[in-house]
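Student: Quick one: this structure, given as structure tokens, is what I'll be asking you about.
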Amino acid sequence: MRLVSLCPSLTELLHDLGVADEVVGRTKFCVHPAPWVEGIEKVGGTKNPKLERIIALAPDLVFMNEEENRAEDARALREAGVAVHSSMPRTAGDTAEMVRSIAGAIGRR
């Protein structure tokens, strides 16, 4: 899979779930775990992602957070035919469910 993460905590989660080699785009704020992230293309910030560049990377899935990222960017990516996984956990239970949902989306347990 080709994955893009537009939220630092989700970038770290993708690494921890074992798909580090599948992440092809990240924000300039996604700086952990170093030095792994240094080899991944920066696609702007959390509030101003370079949508054209993300689309050009041809990701299978873009990970976003409803607090960190803008709804209009998620909408624009979806309208361009890019699959988006958006989350907004508010409790520990929500966070556990988010991790399970992301793991399932990338074929991990």
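Student: Filter region 10-50 for residues that are acidic (Asp, Glu) and under 16 Å from residue 60 (Cβ atoms); which is least open to solvent (accessible area, probe 1.4 Å)? Even if it seems obvious, please write down each step before you answer.
Tutor: So the first thing to find is which residues in region 10-50 are acidic (Asp, Glu), and the list is 12, 16, 21-22, 38, 41.
Narrowing the set further to residues that are under 16 Å from residue 60 (Cβ atoms) leaves 21-22, 41.
Details: 21: 130, 22: 33, 41: 65 Å².
Checked region 10-50; the qualifying residue least open to solvent (accessible area, probe 1.4 Å) is 22.
Student: For region 66-81, which residues satisfy the criterion of being in contact with a strand residue (DSSP E or B) (Cβ under 6 Å, 6 or more places away or on another chain) and crowded, with 17+ Cβ neighbours inside 10 Å?
Tutor: Passing the criteria: 73, 74, 77.
Student: If we scan region 51-63, do we find a residue that is touching a Leu at 6+ places or on another chain (Cβ under 8 Å), open to solvent by 30 Å² or more (accessible area, probe 1.4 Å) and farther than 15 Å from residue 1 by Cα? Reasoning before the result, please.
Tutor: We begin by selecting, within region 51-63, every residue touching a Leu at 6+ places or on another chain (Cβ under 8 Å); these are 51, 54-55, 59-63.
Narrowing further to those that are open to solvent by 30 Å² or more (accessible area, probe 1.4 Å): 51, 55, 60.
So of that shortlist, the ones also farther than 15 Å from residue 1 by Cα come out as 51.
The answer is yes; a qualifying residue exists.
Student: How many residues are touching a Leu at 6+ places or on another chain (Cβ under 8 Å) and under 17 Å from residue 101 (Cα atoms) if we restrict to region 3-22? Explain how you work it out, then say what you get.
Tutor: So in region 3-22, the residues touching a Leu at 6+ places or on another chain (Cβ under 8 Å) come out as 3-5, 14, 19-20, 22.
With under 17 Å from residue 101 (Cα atoms) added as a condition, the list becomes 3-5, 14, 19.
Qualifying residue count for the region: 5.
Student: A further question follows. Take the residues in region 83-100 that are among the aliphatic types (A, V, I, L, M) and over 12 Å from the mean Cα position of the chain (by Cα); name whichever of them is surrounded by the fewest Cβ atoms within 10 Å (Cβ to Cβ). Please lay out each step first, then the result.
Tutor: Our first condition is that a residue be among the aliphatic types (A, V, I, L, M); within region 83-100, this holds for 83-84, 88, 92, 96, 98-99.
If we keep only those that are over 12 Å from the mean Cα position of the chain (by Cα) as well, we get 88, 92, 96, 98-99.
Working: 88: 11, 92: 8, 96: 11, 98: 18, 99: 16.
Only one residue tops the list, namely 92.
Student: Moving to a separate point now. Give me the helices (runs of 4 or more DSSP H) completely within region 18-108, filtered to those with at least 2 residues that are out of contact with any Pro (no Cβ under 9 Å at 6 or more places or on another chain) and touching a residue at least 40 places away in the same chain (Cβ under 8 Å), ordered by residue number. So that I can check it myself, show each step before the final result.
Tutor: Details: elements: 51-56, 71-79, 92-105.
Once the helices (runs of 4 or more DSSP H) in region 18-108 are filtered for at least 2 residues that are out of contact with any Pro (no Cβ under 9 Å at 6 or more places or on another chain) and touching a residue at least 40 places away in the same chain (Cβ under 8 Å), what remains is 92-105.
The values are calculated or read from the model by the stated rules, or taken from the named source; none is laboratory data. A quick note: this is a predicted structure, and the numbers were derived from the prediction, not measured. Positions of Cβ are generated from backbone atoms using ideal geometry, with glycine treated the same way; all protein chains shown enter the neighbour counts. What goes into the accessible areas is simple: the full protein's heavy atoms, side chains included, and nothing from ligands, DNA or RNA. Shrake-Rupley method; radii C 1.70, N 1.55, O 1.52, S 1.80 Å.
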